[in-house]
Amino acid sequence: MPDNAIPAQLPVLAEKYPLRILLVEDNIINQQLALIILSRMGYSPGIAVNGKEVLDRLLDEYFDLILMDIQMPEMDGLEATRIIRATHSVQPLIIAMTANAAGNDREECLAAGMNDYLPKPISLDELVNMLEKWGRRIRQNNTSMTSGKKNNSEKMVGYHEELLPNPFISNDFGIEPPRLT
């Protein structure tokens, strides 16, 4: 799809919701289209093309939100999500993006630990609504984590424990996740 087929007037959400986004998509056309849309919204997303790359990126970087394709080579989005939920003390929000809009796909994604679901082809309105919905919650969480603290450097940017189903918070490594007050 040519760049000019995307509406020029997209909300600049990054100003209101400054999210660090990782786009996980193996199809280069879908990847480029999503990059154009997200950049017009003011974001500079990171990119991964499969679940293994996501896990590698998360070793060195933190992302508030991951837009995760489901069917990918090497490691699919469901397996990558299960591993993230089982092994990371700081949890990103994960939104599934899939062309398989069968009846149980949404439930399968949520059961794997994803926070939400976008069917492909993704509508701009749905994407904007999703970024606003989760951006607002992340901002509220960050505000509540820092309220009452004298030093904002204590803020755990992006810790989303209360947004996750509890079974996906792991304590297998003896690390007690911080509790929000």
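What the table shows:
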quantity	calculated
Boolean, N30 is modelled with pLDDT of 95 or more, among the polar types (S, T, N, Q) and buried (at least 17 other Cβ atoms within 10 Å of the Cβ)	no
Members of the stretch 22-45 that are in contact with an Asp or Glu (Cβ under 7 Å, 6 or more places away or on another chain) and not in a loop (DSSP other than H, G, I, E, B)	V24, Q31, A34, I36
One residue from V24, V12 being within 12 Å of D69 (Cβ to Cβ) and not hydroxyl-bearing (S, T, Y)	V24
Cross-chain or 6+ apart pairs with Cβ under 7 Å, the stretch 21-47 first and closer than 18 Å to W134 by Cα, then part of a helix (DSSP H, G or I) and of a type in the set (S, T, N, Q)	L23/Q31
Count of residues meeting criterion [at pLDDT below 85, surrounded by 16 or more Cβ atoms within 10 Å (Cβ to Cβ) and out of contact with any strand residue (DSSP E or B) (no Cβ under 8 Å at 6 or more places or on another chain)] in the stretch 99-150	4
A96 being within 13 Å of the chain's Cα centre (by Cα), small (G, A, S) and surrounded by 17 or more Cβ atoms within 10 Å (Cβ to Cβ)	yes
Per-region count, the stretch 50-108, residues within 24 Å of R136 (Cα to Cα), among the polar types (S, T, N, Q), in contact (Cβ under 8 Å) with a residue 40 or more places away in the chain and out of contact with any Leu (no Cβ under 6 Å at 6 or more places or on another chain)	1
Qualifying residue in the stretch 30-46 (condition: among the basic types (K, R) and within 14 Å of the chain's Cα centre (by Cα))	no
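The values are calculated or read from the model by the stated rules, or taken from the named source; none is laboratory data. As the structure is a prediction and not an experimental result, all values here were calculated from the model. Neighbour counts run over all protein chains shown; Cβ positions are idealised from the backbone, glycine included.
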